[in-house]
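The values are calculated or read from the model by the stated rules, or taken from the named source; none is laboratory data. If you're wondering where the values come from, they're calculated on a predicted model, not measured in any experiment. Neighbour counts are summed over all protein chains in view; Cβ atoms, including those assigned to glycine, are modelled from backbone coordinates with ideal geometry.
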Amino acid sequence: MADASVRPARLADVQAAAVAQLRAWQADGVLPEGALDGHDESVVARGWERAVLAPPSRRHQLLVALDGDRVVGLAALAPATDPDCDPATDTELLLLVVDPDERSNGHGSRLLAAAAHQAAEGGAERLYVWAAANDDLLRRFLDAAGWAADGAHRTLDRYGDDTVLLRQVRLGTSLDRSPDAA
């Protein structure tokens, strides 16, 4: 069995994280045509570099899933900013992706568990994610992990001209921080 783990991202991880993210997004086929225009590995890696070097708060975190020393997935966390959320007690899972060639090896489950742990350690009581409405794979995965849609939905307009729209639903889960939680 390969050495699989999750840890906070390091600067040396950002290029591989960008590759895993773009490969996952391309393979999933849930983003509207044109949504990835202008997103190549170097652009995405620069964004992750800023996230690693200068996160806006201690609750902004980038985690990577590893197979040995290879980055095969990532999860990003931040305080929730939705108007009906409390940024002090609600955390948003901004991203959860695993390279398509590495799926079904437990990396997604490890990332999700580590993200929930980090959020709870940071004081979160709930964890949310916005998922593409047509992302059945992610929604089934989260549903199996006990997450549920909470009725919130939104449409993102990539260019502000109604040409590239992404419909999303919000899913959430409670983080039991009690000492008796097993």
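Below is a table of values for the structure above.
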{"quantity": "Any pair with Cβ under 7 angstrom, 6 or more apart, that starts in the stretch 98-115 at a residue that is free of Cβ contacts under 8 Å to residues at least 12 places away in the same chain and ends at one that is buried (at least 16 other Cβ atoms within 10 Å of the Cβ) and of a type in the set (F, W, Y)", "calculated": "none"}
{"quantity": "Answer residue from the stretch 40-67, given it is touching a residue at least 40 places away in the same chain (Cβ under 8 Å) and β-branched (V, I, T) and is surrounded by the fewest Cβ atoms within 10 Å (Cβ to Cβ) among those", "calculated": "V52"}
{"quantity": "Tally, over the stretch 55-66, of residues that are assigned to a strand (DSSP E or B) and out of contact with any helix residue (DSSP H, G or I) (no Cβ under 6 Å at 6 or more places or on another chain)", "calculated": "1"}
{"quantity": "Out of L127, L138, sole residue that is at pLDDT below 95 and not aromatic (F, W, Y)", "calculated": "L138"}
{"quantity": "Scan of the stretch 2-18 for residues that are surrounded by fewer than 21 Cβ atoms within 10 Å (Cβ to Cβ) and more than 15 Å from the chain's Cα centre (by Cα), ordered by number", "calculated": "A2, D3, A4, S5, R10, L11, A12, Q15"}
{"quantity": "Residue list for the stretch 94-111, restricted to those being among the aliphatic types (A, V, I, L, M) and in contact with a Phe, Trp or Tyr (Cβ under 8 Å, 6 or more places away or on another chain)", "calculated": "V97"}
{"quantity": "Long-range neighbours under 6 Å by Cβ, at least six apart or interchain, first residue farther than 18 Å from N105 by Cα within the stretch 1-27, second among the hydrophobic types (A, V, I, L, M, F, W, C) and surrounded by fewer than 14 Cβ atoms within 10 Å (Cβ to Cβ)", "calculated": "none"}
{"quantity": "Failed item, numbered, when P87 is tested on (1) part of a loop (DSSP other than H, G, I, E, B); (2) buried (at least 20 other Cβ atoms within 10 Å of the Cβ)", "calculated": "(2)"}
{"quantity": "Scan of the stretch 163-182 for residues that are of a type outside the set (S, T, N, Q), at pLDDT 75 or above and farther than 21 Å from G29 by Cβ, ordered by number", "calculated": "R170, G172, L175, D176"}
{"quantity": "Complete set of residues in the stretch 67-80 that are assigned to a strand (DSSP E or B) and of a type in the set (A, V, I, L, M)", "calculated": "V71, V72, L74, A75, A76, L77, A78"}
{"quantity": "Residue check for L22: modelled with pLDDT of 95 or more and either touching a helix residue (DSSP H, G or I) at 6+ places or on another chain (Cβ under 9 Å) or outside any helix (DSSP H, G or I) (or both)", "calculated": "no"}
